[in-house]
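Comments concern the structure below.
What follows draws every value from the coordinates through simple rules; no lab data is involved. Here the structure is a predicted model, which is why all the values come from computation and not from measurement. When we count neighbours, we look across all protein chains shown, and the Cβ atoms used for this are built from the backbone with ideal geometry, even at glycine.
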């Protein structure tokens with residue numbers, strides 16, 4: 001079976017992950033629901049992961065994929081903590097609307 | 001055939017990502033995100049990284065998304081709770097979306113990397129066997145660190161979401 | 001002679017300082033005083049040994065410890081030079097220093113800062129020894145500054161009295177003006193000769209066109225330290241310090257530093273006759289002026305202070321006439337009798353509980369026999385009665401003046417007649433007639449303890465016989481100083497002809513006249529000086545010290561104050577405004593920027609994304 005990179009080339013993957021990343025950034029700015037913002041962050045992370053895997057294949061090197069594993073581990077930890085914080089916030093102010101979190105203002 | 005598969009998968013990925021963000025209901029967002037993750041797993045499979053594809057489905061679609069869905073349901077969020085942002089913000093967000101995409105693409109164009117056509121040498125570098133060896137030899141220390149990190153995350157999450165006895 | 005032993009001369013006082021400075025508060029007064037006194041006494045013993053050595057061998061000892069500073073064409077060593085001149089000064093600094101330390105252990109006994117006092121006193125001796133033994137001008141400058149510092153500390157020793165603090169500050173500032181002169185002198189000398197070393201300077205001194213600037217600057221330095229016109233006004237005020245300090249620093253040792261320095265550099269001064277003339281004239285005028293002021297002073301220590309200024313003026317007269325060894329001779333005899341007089345006055349002040357006004361004294365002869373006797377001998381000595389020491393030294397100055405310039409001789413003679421008068425006035429008012437103080441004081445009158453009278457006796461004996469070191473015609477001192485003074489005894493021959501004997505006779509008659517006027521006024525008529533406000537005419541001028549302080553106030557201090565307040569109120573405000581407005585701009589800007597920090601996370605994220613875009617632009621597209 002022919003490899004996919006031989007057919008479509010690495011640049012297609014680059015464009016794909018650029019667009020995916022931009023969508024993540026768009027989501028962060030567009031929504032004010034903290035959980036959806038979290039999801040946007042996951043999308044951005046996945047854009048980066050995708051590119052890592054593509055280049056790992058391109059160079060035929062396992063290191064890129066190992067890096068993706070670690071990214072996943074960190075992402076899992078981040079989500080666990082982040083959601084715990086969100087729950088705590090929700091419990092305190094009854095909402096996870098990001099615009100209502102203005103306690104940082106000096 | 002593979003080409004067509006790639007384009008379909010890409011379309012699904014981007015479309016579901018957009019729908020994740022644009023859905024009013026957080027639960028719908030979560031569902032679309034699951035779709036998005038599955039399509040990314042498909043990409044991985046297409047790239048012949050079977051192990052990674054499986055792990056991705058287990059971790060993202062399995063663990064993380066379930067966690068999110070649980071949280072959403074725990075908070076009992078409805079569409080009515082969500083107040084949409086002012087129009088200005090939406091316009092700005094769209095502009096930013098275009099801007100960052102433009103900058104990334106033009107950065108790529110500017111640097112103009114000479115991308116050689118890929119040639120398959122047939123070396124095995126991403127089977128579970130090889131990855132396992134790499135992970136437990138070369139990267140054993142970061143691997144253990146990741147384990148500790150997850151443990152810490154678990155403890156931290158329990159601590160944070162625990163109800164404070166004094167205030168409760 | 002071993003250099004290590006010589007350096008011990010310097011180290012002993014330093015060790016004394018350190019012990020008293022760091023542990024003085026924990027030592028008992030007895031131990032503290034004993035350490036300080038023993039430190040100086042040890043220095044004195046070594047000085048005596050060294051004196052015996054140099055008297056025999058005539059070989060100066062030079063010790064270079066290390067290279068202190070190095071410039072591209074000359075170096076300054078951290079070294080010491082022990083020669084005949086240094087030997088003389090070493091002897092009387094440590095000798096009189098020991099006596100005064102001994103005296104102070106009793107005089108300062110009730111003071112709470114007892115150990116601090118001895119710290120300063122030892123420190124002073126240390127710096128004074130550096131001053132006289134330094135091998136170059138920079139080393140001398142260390143000592144010069146150090147003694148100035150110690151003088152300041154000791155004048156202001158009773159720091160709780162603001163007047164005393166002011167006196168200390170005045171002394172320090174006046175000295176500072178002179179020190180500037182010293183520095184300029186050092187710079188010019190270094191520029192001209194590429195060395196500051198005394199030996200090297202003496203070898204290569206030649207007539208340089210700008211040498212006059214250097215010697216004039218050195219002379220200005222000397223007027224500051226040795227209290228000559230126009231910088232003498234600090235010395236009378238310096239009497240605010242404890243009496244032993246006045247005796248040691250402001251009569252016997254520190255104020256002679258200027259004379260020491262000029263004698264040390266005699267080979268330079270010999271090359272600039274114009275400056276020498278200025279020195280002679282200033283010395284003579286200072287001498288007369290201080291003597292006239294002393295006539296009307298009522299404070300016992302002030303009289304002695306002006307007397308010191310007057311005597312220093314005579315020494316400068318001798319220096320200006322090129323008779324360096326005569327000046328040195330007078331320095332030595334003056335150190336003896338003036339230290340004795342100051343310590344005697346301290347004894348008197350001690351006896352009547354801090355009173356310094358002579359109008360409230362009198363009749364102390366009966367109560368304080370030893371003090372009276374020593375005071376009397378010293379008074380005779382300073383007035384110039386043969387065969388006491390003052391007669392020989394003062395007479396040599398007068399002789400030298402007579403040979404050079406008759407006007408200077410007249411001024412100097414007048415000053416010494418006045419000296420006789422005011423000294424006997426002091427003696428009569430203090431020790432004769434009846435006691436004029438309160439009843440309480442009268443009951444309290446007593447002779448000082450033997451620790452205080454012993455130094456008095458020793459100094460009185462020295463004041464009596466000190467003149468023997470240089471009797472006219474057969475001068476041991478002149479021979480001894482021959483290696484140091486280039487132009488030795490040539491410009492002032494000691495041919496004892498009829499004129500000379502006549503002049504001596506005249507001087508003695510003058511002193512007698514002074515004595516009898518004082519006797520007539522204060523013993524026979526039992527006059528007591530009137531209040532300062534009720535005087536008129538010339539006397540008023542004297543009482544107000546020629547209005548010199550007021551003149552300085554008017555022409556220096558007030559313009560400076562005016563400029564100071566002008567700059568403070570006008571210029572400072574302007575500059576302040578400019579500088580502050582520079583500060584206000586960022587402050588205003590940041591106030592506007594503060595509004596961006598509104599706590600809205602959406603805005604922060606937006607800024608973050610824009611930042612990422614900017615970074616991408618900068619990293620990949622900006623070239």
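Full extension of the segment from residue C:369 to residue C:527, taken as 0.36 nm per residue of separation minus the current Cα-Cα distance, would add 54.5 nm. Distance from the C-alpha centroid of the range C:201-242 to that of the range C:181-195: 14 Å, rounded to the whole angstrom. In the range B:27-126, the ratio of gyration radius to Kirkwood radius, Rg to Rh, stands at 1.11 when only Cα atoms are counted. Taking label points 7 Å from Cα along the Cα-to-Cβ direction, residue C:584 and residue A:48 give a separation of 4.8 nm.
First check a/c for the range B:1-82, with a ≥ b ≥ c the square roots of the eigenvalues of its C-alpha gyration tensor; if it is under 1.5, answer rounded, and if not, answer prolate when a/b is larger than b/c or oblate otherwise. Because a/c hits 1.5 or more and a/b fails to exceed b/c, the range B:1-82 counts as oblate.
Distance distribution note for the range A:4-98: the fraction of Cα pairs above 22 angstrom is 41%.
Using 1/(1 + (r/R0)^6) with R0 = 56 angstrom and r between the beta carbons of residue B:106 and residue C:571, what's the FRET efficiency to the nearest 0.05? Present the calculation step by step, with values, prior to reporting the outcome.
Values: r = 57 Å, r/R0 = 1.03.
After rounding, the FRET efficiency stands at 0.45.
Would you tell me the mean number of C-beta atoms belonging to other protein chains that fall within 10 Å of each C-beta in A:90-101, as a whole number? Don't skip to the end; give the middle numbers.
Numbers: counts 5, 6, 2, 0, 2, 4, 7, 3, 5, 9, 2, 4.
Across A:90-101, the average partner-chain Cβ count within 10 Å equals 4.
Subtract the Cα-Cα distance of residue B:14 and residue B:87 from 0.36 nm times their separation in residues, and report this length gain in nm to one decimal. Please report the intermediate quantities before stating the final value.
On the way: separation 73, 0.36 × 73 = 26.28 nm, distance 2.36 nm.
Extra length from residue B:14 to residue B:87 when fully extended: 23.9 nm.
Take the Cβ atoms of residue C:457 and residue C:520, set R0 to 35 Å, and the FRET efficiency comes out at 0.70. Taking the C-alpha atoms only, the angle from helix C:572-594 to the longest principal axis of chain C is near 30 degrees. Full extension of the segment from residue B:128 to residue B:154, taken as 0.36 nm per residue of separation minus the current Cα-Cα distance, would add 6.6 nm. With each label modelled as a point 7 angstrom along the Cα→C-beta vector, the residue C:355-residue B:5 pair spans 12.5 nm. The mean sequence separation of alpha-carbon pairs under 8 Å and at least six residues apart, normalised by the residue count of the range C:365-462, gives a relative contact order of 41 percent. Each Cα pair under 8 Å and six or more residues apart adds its sequence gap; the mean of these over the residue count of chain A is a relative contact order of 26 percent.
Counts of other chain beta carbons within 10 angstrom of each beta carbon in peptide B:114-123 average 4. Against the empirical 2.2 N^0.38 Å (N residues), the range C:300-458 has a Cα radius of gyration ratio of 1.11. Restricted to Cα atoms, the range C:550-621 shows a radius of gyration and a Dmax of 26.2, 78 angstrom.
Over the protein assembly as shown, what portion of Cα pair distances is larger than 36 Å, expressed as a whole percent? Summing the P(r) of the protein assembly as shown above 36 Å gives 62 percent of all pairs. Legend: mean number of C-beta atoms from other chains within 10 angstrom of residue C-beta atoms, peptide C:593-605, equals 4. Calculated [222 nm] ellipticity per residue, helices only, for chain B: -23500 deg cm²/dmol; basis is -39500 (n - 2.57) per DSSP H run with n ≥ 4, divided by all residues, nearest 500. Counting only alpha carbon atoms, the long axis of helix C:601-616 and the longest principal axis of chain C meet at about 90°. Taking the average, over residues, of other Cβ atoms within 10 Å as the packing measure, peptides C:450-463, C:250-263, C:574-587, C:401-414 rank C:250-263, C:450-463, C:401-414, C:574-587 from highest down. If you take the square roots of the eigenvalues of the alpha-carbon gyration tensor of the range B:127-168 and sort them as a ≥ b ≥ c, do you get rounded (a/c under 1.5), prolate (a/b over b/c) or oblate? In terms of gyration-tensor shape, prolate.
Highest mean packing comes first when the peptides C:275-288, A:79-92, C:119-132 are listed by Cβ atoms within 10 Å, giving C:119-132, C:275-288, A:79-92.
If a/c stays under 1.5 just call it rounded; otherwise compare a/b with b/c (prolate if a/b is bigger, oblate if not). Do that for chain C, with a ≥ b ≥ c from the square roots of the Cα gyration tensor eigenvalues. Could the numbers behind the result be given before it?
On the way: a/c = 1.92, a/b = 1.59, b/c = 1.21.
Because a/c hits 1.5 or more and a/b exceeds b/c, chain C counts as prolate.
Helical content of chain C, expressed as a calculated mean residue ellipticity at 222 nm, amounts to -22500 deg cm²/dmol (DSSP H runs of 4 or more residues, -39,500 (n - 2.57) each, divided by residue number, nearest 500). Of the Cα atoms belonging to the range C:196-301, the radius of gyration and Dmax stand at 16.0, 51 Å.
Principal-axis analysis of the Cα atoms of chain A puts helix A:63-93 at an angle of about 10° to the longest axis.
Distance from the Cα centroid of the range C:58-76 to that of the range C:320-399 is 40 Å (rounded to whole angstrom). Using a cutoff of 8 angstrom between alpha carbon atoms and counting only pairs six or more residues apart, the relative contact order for chain C works out to 12 percent.
Between residue C:162 and residue C:479, the modelled label-to-label distance comes to 6.0 nm, taking each label 7 Å out from Cα in the direction of the beta carbon.
Take the alpha-carbon centre of the range A:42-88, take the same for the range C:80-156, and report the distance between them in whole Å. Between the Cα centres of the range A:42-88 and the range C:80-156 lies a distance of 81 Å.
Of the peptides C:421-427, C:72-78, C:477-483, C:39-45, how do they stack up when ordered by the mean number of other Cβ atoms within 10 Å, highest first? Don't skip to the answer; put the middle values down first.
Working: C:421-427: 25.1, C:72-78: 14.7, C:477-483: 18.6, C:39-45: 22.4.
Highest mean packing first, the order is C:421-427, C:39-45, C:477-483, C:72-78.
Can you give the FRET efficiency for residue C:74 and residue C:486, using 1/(1 + (r/R0)^6), R0 = 35 Å, r = Cβ-Cβ distance, to the nearest 0.05? Could the numbers behind the result be given before it?
Numbers: r = 22 Å, r/R0 = 0.64.
Computed FRET efficiency for residue C:74 and residue C:486: 0.95.
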